[in-house]
Amino acid sequence: MDLKSNEPFWLIKNGVIKSYPSLKENISCDVLVVGGGITGSLIAHQCVQDGFRTVMIDKREIANGSSSATTSMLQYEIDTPLYKLIEMVGPKGAVASYKACSRAIDQLGEIAHKIKSKAGFIKKDSLYFAALKKDVAWLTQEFEARKKVGFDVQWMTESDICKNYSLQKAYGGILSKQGASIDAFLFVHELLSYNTKKGLEVYDKTELAMVKHHARHNEIVLATGIKIKCKRIVYCVGYESATMIKEKFVDLISTYAIVSEMMPKESKRYQDLLLWNTAAPYHYMRTTDDDRMLIGGEDEEFRNPSKRDALIAQKGQKLRKSFEKYLPHVPFYTDFAWAGTFGQTKDGLPYIGVHPDFKNSYFVLGFGGNGITFSITGMEMVSNWLKGKKHALTAYFAFGR
């Protein structure tokens, strides 16, 4: 393939799966989902399942934002270690957040099975290893914190890791029996195909320009002047929310990834494993469903798309060298490199809930390294709120926390 560009691998791999029309006439609905990525598609799936007339709009093509750039490592581990999160938000909220992410992996698997997905969902172990010898002390503390609250974890010594995985420069780590991976881009299209047959309306190249808030509904005016009347809006717009909300609540980060040429023999050993380390910024590795090796990381502060993408070649070389450092016995021939942008919050938790400036609306912003699992939890939260029920994680994921 030998493609090096700012177009994500999953977009090129899958091609144009399906196109949707733009909205050309005034309509009304119960729930309007703004954003056609993995988060929006999951929220729409839940709303349709709950019996709400649901409409989705996206200003771009469907799944062409962060969902085409994500490396889709599905983990219950939050970017903030459990023992630190306990110090920040208390044991109740910290443990509940971690356990919600753990459940989310199984819930996503159940959805994939229900819709007969071919997006390669597969359960995997997850090895979180110390990149530096000094990290072993706090990583051991993290292991004890997880074990104490019931997570299925095992401590791996440097010798264990080398023996089991031939992984070098890994000075100890936590092996978790709860992880997975998927092709998020393909999965989005599968979810929407499944739900459009059940009444979901999807419109791409349809840009929201203005919202008029009323007591019991919102009136959305599109850039074309077309109007949508809805009872509730759910904003699933990812890092673009930073331009919508007046206060600063998230830091935008540029991230990079490369995939190898197809290597069925070499990748087989690692097909049931997610690898990530304690470096700052951390690196993460996994296989793809078409027998490639993937490594991502080299994160830095986001400035603008052109500056981010100008670094793809340089960052790709660094990632390949890191791969060779950890797995020197596996030859890595870079076949594709790309960049993406994601959000990082002060505590590693998402922002899911209401905002005072947006009436009759919810935000589902699954920031961080495990944004997809947060979005699964967001399904449950939005479902509860639309039915007038409370949710235990509301305060921990709220704006202004």
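Only the coordinates and a few stated rules stand behind these numbers; no lab work does. Everything numeric in this text was worked out from a predicted model, so none of it was measured. Glycine gets a Cβ as well: all are built from the backbone with ideal geometry, and neighbour counts include every protein chain shown.
Other residues within the sphere of radius under 13 Å centred on the Cβ of residue 146, judged by their own Cβ, net out at +1 (K and R +1, D and E -1). For the options 120, 353, 65, a Gaussian network treatment of the chain with springs between C-alpha atoms closer than 10 Å singles out 120 as fluctuating the most. Among the listed values (i) 63, 48, 40; (ii) 77, 70, 44; (iii) 65, 45, 33, the one computed from these coordinates for Cα extents along the principal axes in Å is (i).
Working ranking of peptides 358-370, 121-133, 389-401 by packing, defined as the average number of other Cβ atoms within 10 Å per residue, highest first, is 358-370, 121-133, 389-401. Rounded to whole numbers, the Karplus 3J(HN,Hα) couplings from phi for the stretch 42-57 are 5, 5, 4, 4, 5, 5, 5, 4, 7, x, 8, 6, 10, 10, 10, 10 Hz, using 6.51 cos²θ - 1.76 cosθ + 1.60 with θ = phi - 60°, and x at Gly and Pro. Whole-Hz Karplus values for the stretch 35-40 come out as x, x, x, 5, 5, x Hz, taken residue by residue from phi with 6.51 cos²θ - 1.76 cosθ + 1.60 and θ = phi - 60°; glycine and proline positions read x. For the chain, the relative contact order comes to 25 percent (Cα pairs under 8 Å, sequence separation of at least 6). Averaging the Cα positions of each part gives two centres, and for the stretch 316-332 and the stretch 106-123 these lie 31 Å apart.
So which residue, out of 300, 87, 207, gets the largest mean-square fluctuation from a GNM of the chain using Cα contacts under 10 Å as springs? Of 300, 87, 207, the most mobile in the Gaussian network model is 87.
Springs join every pair of Cα atoms under 10 Å in this Gaussian network model of the chain, and among 311, 319, 222 the largest mean-square fluctuation is at 311.
Please state the relative contact order of the stretch 116-273 as a whole percent: Cα pairs under 8 Å, 6+ residues apart?
Reported relative contact order: 23 percent.
Restrict the search to the stretch 1-107; then list the trypsin sites (Lys or Arg not before Pro) that DSSP places in a loop and that have at most 11 other Cβ atoms within 10 Å of their Cβ. Counting only loop positions with at most 11 other Cβ atoms within 10 Å, the trypsin sites (Lys or Arg not before Pro) in the stretch 1-107 are 24. Fully extending the segment from residue 133 to residue 22 would add 34.5 nm, taking 0.36 nm per residue of separation and subtracting the current Cα-Cα distance.
Place a point 7 Å from the Cα of residue 307 along the Cα-to-Cβ direction; which residues of the stretch 237-259 have their backbone N under 20 Å from it? Of the residues in the stretch 237-259, 239-244, 248-257 have backbone N under 20 Å from the label point off residue 307. Rounded to the nearest 10 degrees, the inclination of helix 371-386 to the longest alpha-carbon principal axis of the chain is 30 degrees.
For the listed residue pairs 212/246; 116/198; 99/231; 116/177, the alpha carbons are over 21 angstrom apart in 99/231; 116/177. Within a straight-line Cα-Cα reach of under 19 Å, residue 265 can be paired with the following aspartates and glutamates, leaving aside sequence neighbours fewer than 8 residues apart in one chain: 289, 290, 291, 324, 335.
On a 0 to 90 degree scale, rounded to 10, what angle separates helix 136-148 from the longest Cα axis of the chain? Roughly 60 degrees between the two axes.
The slack in the chain from residue 219 to residue 99, taken as 0.36 nm per residue of separation less the alpha-carbon distance, amounts to 39.5 nm. The distance linking the stretch 149-180 with the stretch 13-41 is 41 Å (Cα centroid to Cα centroid, whole angstrom).
Go through 118/268; 59/359; 133/163; 84/148; 59/123 and tell me which ones have a Cα-Cα distance over 23 Å in this structure.
Check vs 23 Å cut-off fails for 59/123.
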